[in-house]
Amino acid sequence: MPSQRVVRVLDQVAEERGYPRKLRSDNGPEFLSNALATWAETNYVELTPIEPGKPTQNAYVERFNRTFREEVLDVYAFGDLDEVRHESTRWRYTYNHDRPHRSLNRQPPNKYLDAYLMKKTRSGIALSLN
């Protein structure tokens, strides 16, 4: 994925969730680019690449990638990109809305986020998702 596309996707995510304080990534060229460095500096995001040859420093992403590969890419024989997009979207929805995650107290990510935001709102801490 070209670095400019990475920046566009990060901006789209930030519109909904806000900018992260820190972004951890592998050492792919799209993550070591000037475009991403400029984006990070402009949006006060700290870039934290993992050490070369140490994928366990990015274990959550490595785990997600393995799960996606095993449950989608290795299971289906796709005829075209539309099929890939459709199946990927369906899987991602299930992963985020229906599937309990052990690391999130056996809740799907969207329910965990809702509970987190509700708790923060009740405690009087104002959150900005913009």
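Each value in this text was obtained by applying a stated rule to the coordinates, not by laboratory testing. Here the structure is a predicted model, which is why all the values come from computation and not from measurement. Reconstructed Cβ throughout: ideal geometry from the backbone, glycine too, with neighbour counts over all protein chains shown.
The calculated pair-distance distribution of the chain uses every alpha carbon pair, bins of 10 angstrom beginning at 0, and gives 10, 29, 40, 19, 2, 0 percent.
For region 1-124, lysine pairs separated by 8 or more sequence positions, or belonging to different chains, with Cα-Cα distances below 21 Å total 4.
Based on Cα contacts under 8 Å between residues 6+ apart, the chain shows a relative contact order of 23 percent. Note on region 63-117: Rg/Rh from C-alpha atoms, Kirkwood Rh, equals 1.07. Given labels modelled 7 Å from the Cα in the Cβ direction, how far is it in nm from ASP114 to ASN34? It works out to 4.6 nm between the two label points.
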